[in-house]
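Let me begin by presenting the structure, written as structure tokens, before commenting on it.
Every number in this text was worked out from the coordinates using simple rules, so none of it is lab data. The shown structure was predicted, so the numbers you read here are calculated from the model rather than taken from an experiment. All Cβ positions, glycine included, derive from the backbone under ideal geometry; neighbour counts span all protein chains shown.
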């Protein structure tokens, strides 16, 4: 069994209310099951519901044990950690992995600073769970029971990792928060800062980095990809924010021969009705033109990864 369950699909901030019931209002949190192995990706507000489910269903079979992979330490991806019930239960064992930015603080301090009296009534050193922190870069890790994870730097204002989980010949890839790599040097000869050599080198560097991303996605059975904006929104003032358009996510999946893509990190201003309309629009645009199955990520939904044998 290799499954993905989404506990939070919203980007930037939680958006509870009647207009976000279908696709969800919690921020990023994914649950992967590979046999008996439990992996959690991100600790956004969605991790609260996951924690309650683990206590309700898993704890009766023994202490909770999991690997938690943080994509990056922006607030919407770690804010739910203090409400993750298993951290208050003796016997819980968590291995928390993630990148760290230019700051001098360790991953443990960045995550744990939420658990201080300034923000929360329980301090980090008062937690009952045993938590190990590991700062990671681009690497390959064996997680046990045949599950492997590969990591790849994405394009975001702080260090952010994409994850590729492989199990029994099948793969799940996460690619958020990210946007296409682009030439950061002026490419218009009329620009006073234009330098032809720099412009050519910038184009080459962007092309190479995007190609590395496509290779990381290559052949994935299921990919969760950032798609906060439409292409029009992205090119009308959202470039550099660290998020992709639906068009880029779909094209990247097609180019990398991904089998199924879940469009993720929904804009906090996007209602269920708008997301349904966009989902139908992009499904209609791609039907018959690509082998990629696509849909909007939905909170509370579980996908079973079937691989080539499906």
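Structural remarks
- Of the residues 122, 149, 292, the one with the fewest other Cβ atoms within 10 Å heads the list, and the complete ranking is 122, 292, 149.
- Region 74-160 shape via C-alpha gyration tensor axes, a/c threshold 1.5: oblate
- For the chain, a Gaussian network of Cα nodes joined below 10 Å ranks 45, 257, 106 by mean-square fluctuation, and the top entry is 106.
- Extension gain for residue 274 to residue 184 (0.36 nm times residue separation, less C-alpha to C-alpha distance): 29.1 nm.
- Residue-averaged 222 nm ellipticity for the chain, from DSSP H runs of 4+ at -39500 (n - 2.57), nearest 500: -6000 deg cm²/dmol
- Residue order, fewest to most surrounding Cβ atoms within 10 angstrom, among 262, 107: 107, 262
- Listed residues 211, 233, 295, most fluctuating in the chain (Gaussian network, C-alpha, under 10 Å): 233
- Prolate/oblate/rounded label for region 1-149 (Cα gyration tensor, a/c 1.5): rounded
- For region 163-240, the gyration tensor built on C-alpha atoms gives an oblate shape. Its axis ratio a/c (a ≥ b ≥ c) is at least 1.5, and a/b is not larger than b/c.
- Ordering 305, 184 by the number of other Cβ atoms within 10 Å of each residue's own Cβ, fewest first, gives 184, 305.
- Each residue of region 1-74 gets 95 Å³ once the volume of the Cα convex hull is shared out per residue.
- Within the chain, DSSP assigns beta bridges of which about 50% are antiparallel (rounded to the nearest 5).
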